[in-house]
Every structure is written in C-alpha cells, then in structure tokens.
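Asks: Just dropping this structure here.
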Amino acid sequence: MQEKGEVNTDIPNSNRKEVWLTEYGPGNTAISLRVKYKLFEKETPYQKIEIFESYDYGRVMALDGFIMLTEKDEFIYHEMIAHVPLFTHPEPKHVLVIGGGDGGAVREILKHKTIKKVELVAIDEEVVKTSKIYFPNLASYLDDERVEINFQDGIEFVKSKRGIYDIILIDSPDPIGPAVGLFEESFYKDAFASLNDSGIIVAQSESPFVFPDLIKRIFLIFKRYFPIVHFYIANVPTYASGVISFILGSKKFDPIKDFYPDRVKNFAPTLKYYNEKVHLASFALPNFFIDLLK
Ligand code: SAM
C-alpha cells in the first residue's frame, strides 16, 4: 500500500480511462478526486509540489501526494485557523504564521483592521511562488506591505524569538518531512516563549479519526505551558476523514469566556464559513474526542 498519494488511470473492472488523484492513508483509507489534468509539478529540496485541475473541487494543491487545499473548500480551514484566535484576542496587531506558504491564512488575518504586521515563515519558497501563479485568490495578499516573508525553517526561527507576538498560527502539513518537528514539544516550547504575555497560539492538530494519539500528545504538551487550552473542529471535505481539529493555547484570553460576538457581527469583510455561532459551536467537542483527552 502506497503511503503517499498517486495519480492512477486504470479504473478497476472498467475500461474507462479517467484520471484520479488519490491520497492514501494513513491506514487503509483513501481520498480520491477525479482530475482533468495536472497543471504543474516540481520536486523541491523539501517536497513534491503538484497542482491539478479537478472536476468537483477546482484547482488542488498537493504536497508529497497529500491534499493541502482545493479552491472549493480552502475557505473553511483558513477562516477557522485565523478568525477564532483573532476574535479571541481583543486587539491583535502582530501575527506570526509558520507554514502557510499558500497564503490563505495571511489573507484572512489581513481582514482585521488592527493588524500592523504579519510575519510568514515558510520553509519552501517554491510553494509561495506556485501559489501566486495558480491560487492568486489566496497568495496575492502576500504582497501586502504589512506582510514580511522569511523562507526558513519555522523550528529554527522561533528559537531566537521571545515575548513578541500577539498570535502565532501553525499552518503546517501533516507530520511528514520538514513538518515533523512542528508537532514536537521543543518547537511548541519556543513558540510559547515567542508569544507576549497575552499571546495566543493555534496549530492545526489533524483529524481525531486519523491521528488520535498525536492529538492526545499535543494536548498534554500544551497543558504544560498554557493556562488556557481548547480544541476546536471544522469540516473540510477533502481532508482525511473530512474533519480537522485545531488546538488553541492562550496565556490570558479564553476563546469562549472572553469572546464578544458583537465584534463578529460588526465585522465588515464577508466570511463564507466563520461566524459568531460557528466560533462557539466549534469548541463543542463530541464525546469520543473528549474521551481522547482523558
Ligand atoms: N493547510 C494545509 C494542511 O492542513 O495540510 C497546510 C498548508 S501549507 C501549504 C503547509 C506549508 O508548511 C507548506 O508551505 C510547507 O512548505 C510548509 N512547511 C513544512 N514544514 C515547515 C517548516 N518546518 N517550517 C516552515 N514551513 C514549513
């Protein structure tokens, strides 16, 4: 069984010649999208970048065969990783994004008028270049004057940062290749220290169906550093199991107790997924998820 995704053309027991992008596993589950053609492919020192035109989800970015985003559902992930912490913090000004080379999280952050500076730390410059060409609706905001891009390893970057950021977003792929260390305690410890005294961190923490042990491990790490720790979830159709979780660690502000729905109601920019009810509902975890954390 392949660990990575692949493009296969031969449809079992049929002579239909179709092209399907299939993301395998982990485990014995796969996601398949029928694609019209491949638009781009490049092996970089860090990973394989592929861009496809799919029938049902528009353009698709895959890294090492894993689906990172599709034009049709990327708004869900990007709105939830950004707006939940940004509407928890009373006046976010300085934000650090680690990973996120596609630009989607930065696009959402810049919708907040209080933002003065966004630092994006992406290990692979080719992801940013490719996203600017094939996903301008995401990446064009990376040229905003408030955005500073560093092409380096986020794990190294935070080692030298202390007490700076209002918010840190870890917009990483799955724990493979250069991203493995982004799920380790030493990195989270440095990220914690890089936040100022009222700082908030959010990391994508995978699916509870696919990575239950990872979620439990990250929870125990965050509990060691942050007085306030919550998971929240969202549905992303093209991610493994269709559910993605996020872990939020906060030094001062609670995303439920210190959340002011009116700020969202009066928020001018239109959002397609996130609203004040979704914010609160996303923290209502199902029992099996709660049991994972015991
Ligand atoms: N939303 C996607 C997901 O949930 O799978 C992640 C999208 S984003 C494209 C992931 C980015 O993280 C990629 O641009 C990748 O190059 C970058 N990345 C991986 N490891 C990194 C590291 N150690 N430091 C900084 N960026 C990293």
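The values are calculated or read from the model by the stated rules, or taken from the named source; none is laboratory data. Treat the numbers as computed from the prediction; the structure is a model and nothing was measured. Virtual Cβ from ideal backbone geometry, glycine too; neighbours counted across all protein chains shown.
Asks: Identify, by number, the condition in (1) part of a strand (DSSP E or B); (2) near the ligand (Cβ under 10 Å from one of its atoms) that Y77 doesn't meet.
Replies: It fails just one condition, (1).
Asks: Listed residues T114, T130; which is of a type in the set (S, T, N, Q), surrounded by 21 or more Cβ atoms within 10 Å (Cβ to Cβ) and either outside any strand (DSSP E or B) or in contact with a helix residue (DSSP H, G or I) (Cβ under 8 Å, 6 or more places away or on another chain) (or both)?
Replies: Working: T114 fails: surrounded by 21 or more Cβ atoms within 10 Å (Cβ to Cβ).
Only one candidate passes the filter, namely T130.
Asks: Taking the range 133-173, which residues are assigned to a loop (DSSP other than H, G, I, E, B) and either aliphatic (A, V, I, L, M) or over 17 Å from the mean Cα position of the chain (by Cα) (or both)?
Replies: Step one: filter the range 133-173 for residues assigned to a loop (DSSP other than H, G, I, E, B), giving 135, 144-146, 151-153, 161-164, 172-173.
The answer is D144, E145, R146, F151, Q152, K161, R162, G163, I164.
Asks: Inspect all residues belonging to the range 212-231 and state whether any of them is more than 14 Å from F289 (Cα to Cα), among the aliphatic types (A, V, I, L, M), out of contact with any Asp or Glu (no Cβ under 7 Å at 6 or more places or on another chain) and in a strand (DSSP E or B).
Replies: Yes - at least one qualifying residue is present in the range 212-231.
Asks: Determine, yes or no, whether Y273 is surrounded by 12 or more Cβ atoms within 10 Å (Cβ to Cβ), over 30 Å from V60 (Cα atoms), touching a helix residue (DSSP H, G or I) at 6+ places or on another chain (Cβ under 6 Å) and modelled with pLDDT of 95 or more.
Replies: Considered against the rule, which asks whether it is surrounded by 12 or more Cβ atoms within 10 Å (Cβ to Cβ), over 30 Å from V60 (Cα atoms), touching a helix residue (DSSP H, G or I) at 6+ places or on another chain (Cβ under 6 Å) and modelled with pLDDT of 95 or more, Y273 comes out as no.
Asks: Turning to a different aspect of this structure: Select from the range 177-214 the residues that are β-branched (V, I, T) and more than 15 Å from the chain's Cα centre (by Cα) and write down the one among them that is surrounded by the fewest Cβ atoms within 10 Å (Cβ to Cβ).
Replies: Just the residues of the range 177-214 that are β-branched (V, I, T), to begin with: 180, 200-202, 210.
Cutting the leftovers down to more than 15 Å from the chain's Cα centre (by Cα) gives us 200, 210.
On the way: I200: 27, V210: 18.
Per the stated criteria, the residue is V210.
Asks: Being assigned to a loop (DSSP other than H, G, I, E, B) and either within 12 Å of the ligand (Cβ to nearest atom) or in contact with a Gly (Cβ under 7 Å, 6 or more places away or on another chain) (or both) is the filter here, so list the residues in the range 91-111 that pass it. Let's see the steps before the verdict.
Replies: Initially, the range 91-111 is screened for residues assigned to a loop (DSSP other than H, G, I, E, B), giving 91-93, 100-103, 110-111.
Hits for the range 91-111 are G100, G101, D102, G103.
Asks: Of Y141, Y165, which residue is closer than 18 Å to Y77 by Cβ and either β-branched (V, I, T) or crowded, with 20+ Cβ neighbours inside 10 Å (or both)?
Replies: Y141
Asks: Picking from F226, F253, F283, F246, which residue would you name as being closer than 17 Å to F87 by Cβ and free of Cβ contacts under 8 Å to residues at least 60 places away in the same chain?
Replies: Details: F226 fails: closer than 17 Å to F87 by Cβ; F253 fails: free of Cβ contacts under 8 Å to residues at least 60 places away in the same chain; F246 fails: free of Cβ contacts under 8 Å to residues at least 60 places away in the same chain.
Unique residue meeting the criteria: F283.
Asks: Further, regarding this structure: Write out, first by first residue and then by second, each pair whose Cβ atoms fall under 8 Å of each other, whose residues are 6+ apart or on separate chains, and whose first residue, in the range 158-179, is on the phi > 0 side of the Ramachandran plot while the second is in a loop (DSSP other than H, G, I, E, B).
Replies: Filtered contacts from the range 158-179: G177/Y46; G177/Q47; G177/D64.
Asks: Within the range 45-72, count every residue that is outside any strand (DSSP E or B) and within 11 Å of the ligand (Cβ to nearest atom). Don't jump to the end; show me each part of the working.
Replies: Narrowing the range 45-72 to residues outside any strand (DSSP E or B): 45-47, 55-58, 64-65, 71-72.
Narrowing further to those that are within 11 Å of the ligand (Cβ to nearest atom): 45-47, 64.
Final tally of qualifying residues: 4.
Asks: Now, a different point. Test K159 against the criterion of being under 20 Å from K251 (Cβ atoms), more than 9 Å from the ligand (Cβ to nearest atom) and not small (G, A, S), and give yes or no.
Replies: Details: under 20 Å from K251 (Cβ atoms): yes; more than 9 Å from the ligand (Cβ to nearest atom): yes; not small (G, A, S): yes.
Yes: the conditions hold for K159.
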